[in-house]
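For reference, the structure discussed in these notes is given below.
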Amino acid sequence: MNKFELKALGLAGIVIIIFLFALLYNAYSRKINVPNCVPLSEQSTYFKNPGLKKVDDSTFDLYITAQMWAFIPSDVTVPKGSTVHIYITSKDVVHGFLIDRKAVNLMVIPGAINTATVKFDVAGNYHMTCHEYCGTGHQNMEGNIKVTE
Ligand SMILES: [Cu+2]
């Protein structure tokens, strides 16, 4: 083996060892953990019991948690003419949130809460879909907002 190749390999080995020690030092001494699921109870009290909260007769706050592979709650019913303030977060990985026939298209990010406000003037069924591939059950991740007369 060429002596320059040997030097390059030795240098690469030293760099790997430095990175490994830096990783272990940060993981154990400084208690820095790799990203993982944030318990919902630590994110916000509103997401302990996600669901529809009535503000007044035509205004609602809708708290949704996304997780592999469902929206909680997945079925919501509101009367026609309602304004719904949506607050959404994820329990695990990045999801998407899209409402059919409405200008709502959000990323659902663990540790962050995204919001949108929607007015439902026409009765019917509005499909909610996850539009960000989030794992093997992604295609089953959906729900409905039912707007009644
Ligand atoms: Cu998803």
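The values are calculated or read from the model by the stated rules, or taken from the named source; none is laboratory data. These numbers come from a predicted model, not from an experiment. Note that each Cβ is placed from the backbone with ideal geometry, even for glycine, and that neighbours are counted across all protein chains shown.
Of everything in segment 80-102 that's in contact with a His (Cβ under 9 Å, 6 or more places away or on another chain) and farther than 11 Å from ILE64 by Cα, which residue is farthest from the ligand (Cβ to nearest atom)?
ARG101
Just one of VAL108, VAL122 is among the hydrophobic types (A, V, I, L, M, F, W, C), in the same structural domain as ALA70 (by TED's automatic domain parsing) and surrounded by fewer than 18 Cβ atoms within 10 Å (Cβ to Cβ); which is it?
That would be VAL122, the only listed residue that is among the hydrophobic types (A, V, I, L, M, F, W, C), in the same structural domain as ALA70 (by TED's automatic domain parsing) and surrounded by fewer than 18 Cβ atoms within 10 Å (Cβ to Cβ).
If you check LYS53 against the conditions, is it of a type in the set (Lys, Arg), at pLDDT 95 or above and out of contact with any Ser or Thr (no Cβ under 6 Å at 6 or more places or on another chain)? Give the steps one after another, and end with the answer.
Values: of a type in the set (Lys, Arg): yes; at pLDDT 95 or above: no; out of contact with any Ser or Thr (no Cβ under 6 Å at 6 or more places or on another chain): yes.
So LYS53 fails the test.
May I ask you to verify whether THR129 is away from the ligand (no atom under 12 Å from the Cβ) and of a type in the set (Val, Ile, Thr)?
When the stated conditions are applied, THR129 does not pass them.
Which of the residues belonging to segment 42-76 are in a helix (DSSP H, G or I) and surrounded by fewer than 16 Cβ atoms within 10 Å (Cβ to Cβ)?
Filtering segment 42-76 down to residues in a helix (DSSP H, G or I) leaves 42-43, 45-47.
Passing the criteria: GLU42, THR45.
When the residues of segment 78-126 are filtered to those that are part of a loop (DSSP other than H, G, I, E, B) and of a type in the set (Val, Ile, Thr), which remaining residue is farthest from THR59 (Cα to Cα)?
The extreme case among them is VAL93.
What number of residues within segment 63-82 satisfy the criterion of being more than 20 Å from GLN139 (Cβ to Cβ) and more than 15 Å from the chain's Cα centre (by Cα)? Steps first, answer last, please.
Step one: list which residues in segment 63-82 are more than 20 Å from GLN139 (Cβ to Cβ), which gives 63, 76-82.
So of that shortlist, the ones also more than 15 Å from the chain's Cα centre (by Cα) come out as 76-82.
Within segment 63-82, residues that are more than 20 Å from GLN139 (Cβ to Cβ) and more than 15 Å from the chain's Cα centre (by Cα) number 7.
Taking segment 117-137, which residues are at pLDDT below 90 and aliphatic (A, V, I, L, M)?
Matches in segment 117-137: none.
If the requirement is being among the hydroxyl-bearing types (Ser, Thr, Tyr), more than 16 Å from the ligand (Cβ to nearest atom) and out of contact with any Phe, Trp or Tyr (no Cβ under 9 Å at 6 or more places or on another chain), which of these qualifies: SER74, SER58?
SER58
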